[in-house]
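Q: Dropping a structure here in C-alpha cells format, bear with me for questions.
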Amino acid sequence: MTDVEAAASDSMAAGGRAASVMEKLIASADVSKVYAAPITHGDRLLIPAAEVVAAAGFGMGSGTGEVGERSGRARRGGGGGGGGGGKTFARSVAVVVSSPEGVEIRPVIDLTKIALAALTAAGFVWAAWRRAVKPRGLFGN
C-alpha cells in the first residue's frame, strides 16, 4: 500500500467515525430523551414543551510529500488527522395545560438567564460610561 492509499484509507476511517458521532449527537437531541409523555392530573393534561439545540463541527485532513534531503537522501513523509466536537442543549420553555376550561400555554421563566443578561448589559453600560468620561489628550489618546 502506498503512502497516498494509506492516507486515503485513514481519511475514510475518520469519516466513518465522524458520521457515527454525528448520528449519536442527533439521537441525543430528541425531545423524547428530555421529557416523558404528557401528564394527566385530575381533569387536566399537562404537556411539557422544550427547546432542543444540537451543534457539531468536524474536520480532517491528510497529506504526503517530500520534505527535503537529509544525509544525502530524500525524506518522504505523510500523515493525517482529524477532530471534532459537539454539544446538545435542552431546556423547558413552556407547559401546555389542557382542561375543560380550554387550552392555556404557561411559559417557564428562567430567572438565571434573565439575571445573567441583566448583569451583562450593566457591564457594557458601565464600560461605555467609563470610556465616555475618561479624560482625553489633545489627539484623542
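The values are calculated or read from the model by the stated rules, or taken from the named source; none is laboratory data. As the structure is a prediction and not an experimental result, all values here were calculated from the model. Quick reminder, even Gly has a Cβ in these numbers, built from the backbone with ideal geometry, and neighbours come from all protein chains shown. In case anyone asks, the SASA skips ligands and DNA or RNA and just uses the protein heavy atoms, side chains included. Shrake-Rupley method; radii C 1.70, N 1.55, O 1.52, S 1.80 Å.
Q: Identify all residues within the range 109-129 that are under 22 Å from the mean Cα position of the chain (by Cα) and either modelled with pLDDT of 95 or more or not polar (S, T, N, Q) (or both); write none if there are none.
A: Start the filter on the range 109-129 by keeping residues that are under 22 Å from the mean Cα position of the chain (by Cα), which leaves 110, 112-114, 116-117, 120.
Passing the criteria: 110, 113, 114, 116, 117, 120.
Q: Quick one: in the range 71-103, of everything that is of a type in the set (A, V, I, L, M, F, W, C) and in contact with an Asp or Glu (Cβ under 6 Å, 6 or more places away or on another chain), which residue is most open to solvent (accessible area, probe 1.4 Å)? Step through it out loud before you land on a result.
A: Keep residues of the range 71-103 that are of a type in the set (A, V, I, L, M, F, W, C), which gives 74, 89-90, 93-97, 103.
When the remaining residues are screened for being in contact with an Asp or Glu (Cβ under 6 Å, 6 or more places away or on another chain), the result is 74, 93, 97.
Values: 74: 64, 93: 47, 97: 8 Å².
Applying the filter and picking the extreme gives 74.
Q: Please determine, by comparing only the residues of the range 36-63 that are more than 26 Å from the chain's Cα centre (by Cα) and at pLDDT below 80, which one is most open to solvent (accessible area, probe 1.4 Å).
A: Within the range 36-63, the first condition is being more than 26 Å from the chain's Cα centre (by Cα), and the residues that meet it are 37-47, 63.
This time we only want the ones that are at pLDDT below 80, so: 37, 63.
Values: 37: 68, 63: 37 Å².
In this case the residue turns out to be 37.
Q: Right, here's the next one. Out of 11, 20, I need the residue that is in a helix (DSSP H, G or I), at pLDDT 75 or above, open to solvent by less than 90 Å² (accessible area, probe 1.4 Å) and not acidic (Asp, Glu). Which one? If you could, list the steps in order and put the result at the bottom.
A: Details: 11 fails: at pLDDT 75 or above.
Of the residues listed, the single one that is in a helix (DSSP H, G or I), at pLDDT 75 or above, open to solvent by less than 90 Å² (accessible area, probe 1.4 Å) and not acidic (Asp, Glu) is 20.
Q: Open to solvent by 100 Å² or more (accessible area, probe 1.4 Å) and at pLDDT below 80: is that true of residue 106 in this structure? Steps first, please.
A: Values: open to solvent by 100 Å² or more (accessible area, probe 1.4 Å): yes; at pLDDT below 80: no.
Taking the combined requirement at face value, the residue does not satisfy it.
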